[in-house]
Amino acid sequence: MAQILGGLTTSHVPMIGRTIAANKQQEVSFKPFFDAFEPAHRWLEDNKPDIAIVIYNDHGLNFFLDNMPTFAIGAAHEYRNADEGWGEPEPRSFAGNADFSWHLIKSLVADEFDVSSCQEMKFDHAGITALDLIWPGHGPVPVATIPVVVNAVQPPLPTPLRCYKLGQAIGRAIRSYPEDLKVLVIGSGGLSHELGQMGKINQSFDALCMDKIVNDPEALTRYTNAEIVELAGSQGLELMTWVVMRGAVSGPVEVRASNYHAPISHTGGAMMLMTPREEAAVQAASLA
Ligand code: DHB
Ligand code: FE
């Protein structure tokens, strides 16, 4: 059976891709953000996932205001990037696993999540930024990627509770896949930001989100979308990608890496790596 190795979250901004392309990761304003991924790189080296489920919000590359699925899942053998208006991108290819995607889609629909299935899908900066931070070097990403897109743009928006429940259903689907594959669940988005309003970064709410996503994710499901916009800005709704991840990586987790560096462009730049806590460790903690 497939197994969930852990969850990794990151903020995304196109400037991260441009910084990587210009090889400026060690410049003073970026260094702490990029360096924070080093423990994750070592963990990935040791644990070697086969599949990365990449949960992110599409920014108009696949879906625009006239055609906006609430949840959409890629079901292709391969995904490519494309021009989002930030300049002609270097053409790149990311392997998929269509069999795993269809299992995920069928399981979710059976579980009452009527997701859109996309036999063609392009990765936008939200997906690619995460993959480049997690597997730096611009070589082929050494896992099969499964894009899971959450509408964080156009009302009506899925509620935080609905996103958490989607994540729980994704977790059930992963665990019921018959092949022994190791799965990393990635959430790419947030934290607080509203494009055009630099001042919208809310560091104390970002800190609260980073605490709750580990220790009490259900607390995040009690916010309304409007409250999140008020606290974290309109693009702060990208936090939903983290909430979906945490629904999938359920139960107590151990934090393997965590960092916050603001601003990264317009946003609070965060990364976290968490793994399900071993049953034995959970028992030891409750006895202590
Ligand atoms: C920025 C942030 C985003 O989430 C995004 O999708 C695009 C740009 C920014 O901060 O520049
Ligand atoms: Fe974004």
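The values are calculated or read from the model by the stated rules, or taken from the named source; none is laboratory data. Remember, predicted model here, so these are calculated numbers, not experimental data. Cβ sites come from the backbone with ideal geometry, for glycine too, and all protein chains shown count toward neighbours.
Selection over region 167-196 of residues that are more than 23 Å from ASN259 (Cα to Cα) and within 16 Å of ligand 1 (Cβ to nearest atom) gives a count of 1.
Does ASP206 meet the test of being buried (at least 16 other Cβ atoms within 10 Å of the Cβ), charged (D, E, K, R) and touching a helix residue (DSSP H, G or I) at 6+ places or on another chain (Cβ under 6 Å)?
Numbers: buried (at least 16 other Cβ atoms within 10 Å of the Cβ): yes; charged (D, E, K, R): yes; touching a helix residue (DSSP H, G or I) at 6+ places or on another chain (Cβ under 6 Å): no.
Judged against the criteria, ASP206 is not a match.
Would you please name the residue that is farthest from ligand 1 (Cβ to nearest atom), looking only at residues in region 1-31 that are small (Gly, Ala, Ser) and within 18 Å of the chain's Cα centre (by Cα)?
So the first thing to find is which residues in region 1-31 are small (Gly, Ala, Ser), and the list is 2, 6-7, 11, 17, 21-22, 29.
From what's left, within 18 Å of the chain's Cα centre (by Cα): 6-7, 11, 17.
Working: GLY6: 23, GLY7: 19, SER11: 7, GLY17: 10 Å.
Top of the filtered list is GLY6.
Of all residues in region 163-189, those that are under 20 Å from LEU131 (Cα atoms) and among the polar types (S, T, N, Q) have Cβ atoms under 6 Å from Cβ atoms of residues that are in a loop (DSSP other than H, G, I, E, B) and within 16 Å of ligand 1 (Cβ to nearest atom), 6 or more apart or on another chain, in SER188/HIS12. Number of residues in region 237-270 that are within 14 Å of ligand 1 (Cβ to nearest atom) and either free of Cβ contacts under 8 Å to residues at least 24 places away in the same chain or farther than 17 Å from THR70 by Cα (or both) equals 10. Residues in region 85-115 that are surrounded by 17 or more Cβ atoms within 10 Å (Cβ to Cβ) and of a type outside the set (Val, Ile, Thr): PRO89, PHE94, GLY96, ASN97, PHE100, SER101, HIS103, LEU104, SER107, LEU108, PHE113.
In this structure, does GLU179 turn out to be over 18 Å from the mean Cα position of the chain (by Cα), modelled with pLDDT of 95 or more and in a loop (DSSP other than H, G, I, E, B)? So that I can check it myself, show each step before the final result.
Values: over 18 Å from the mean Cα position of the chain (by Cα): yes; modelled with pLDDT of 95 or more: yes; in a loop (DSSP other than H, G, I, E, B): yes.
It is true that GLU179 is over 18 Å from the mean Cα position of the chain (by Cα), modelled with pLDDT of 95 or more and in a loop (DSSP other than H, G, I, E, B).
Within region 72-96, residues that are among the hydroxyl-bearing types (Ser, Thr, Tyr) have Cβ atoms under 7 Å from residues that are surrounded by fewer than 17 Cβ atoms within 10 Å (Cβ to Cβ) in these pairs: SER93/GLU78; SER93/ARG80, counting only partners at least 6 apart in sequence or on another chain. Exactly one residue among THR267, THR221 is at pLDDT 95 or above and more than 15 Å from the chain's Cα centre (by Cα), and that residue is THR221.
So which residues in region 65-105 are assigned to a helix (DSSP H, G or I) and under 13 Å from HIS125 (Cα atoms), if there are any at all? Passing the criteria: none in range. Under the condition of being under 14 Å from LEU61 (Cβ atoms) and either more than 16 Å from ligand 1 (Cβ to nearest atom) or crowded, with 22+ Cβ neighbours inside 10 Å (or both), the residues counted in region 121-151 number 10. Number of residues in region 1-43 that are assigned to a loop (DSSP other than H, G, I, E, B) and either within 16 Å of ligand 2 (Cβ to nearest atom) or basic (Lys, Arg) (or both) equals 4. Candidates are the residues of region 9-30 that are at pLDDT 95 or above and out of contact with any Lys or Arg (no Cβ under 9 Å at 6 or more places or on another chain); the one that is farthest from SER250 (Cα to Cα) is HIS12.
Quick check, is ILE213 touching a residue at least 12 places away in the same chain (Cβ under 8 Å) and in contact with a Lys or Arg (Cβ under 7 Å, 6 or more places away or on another chain)?
Details: touching a residue at least 12 places away in the same chain (Cβ under 8 Å): yes; in contact with a Lys or Arg (Cβ under 7 Å, 6 or more places away or on another chain): yes.
For ILE213, the condition - touching a residue at least 12 places away in the same chain (Cβ under 8 Å) and in contact with a Lys or Arg (Cβ under 7 Å, 6 or more places away or on another chain) - is met.
Residue under question is GLU218, and the condition is that it be away from ligand 1 (no atom under 16 Å from the Cβ) and touching a residue at least 24 places away in the same chain (Cβ under 8 Å); does it hold? Spelling it out, GLU218 is indeed away from ligand 1 (no atom under 16 Å from the Cβ) and touching a residue at least 24 places away in the same chain (Cβ under 8 Å).
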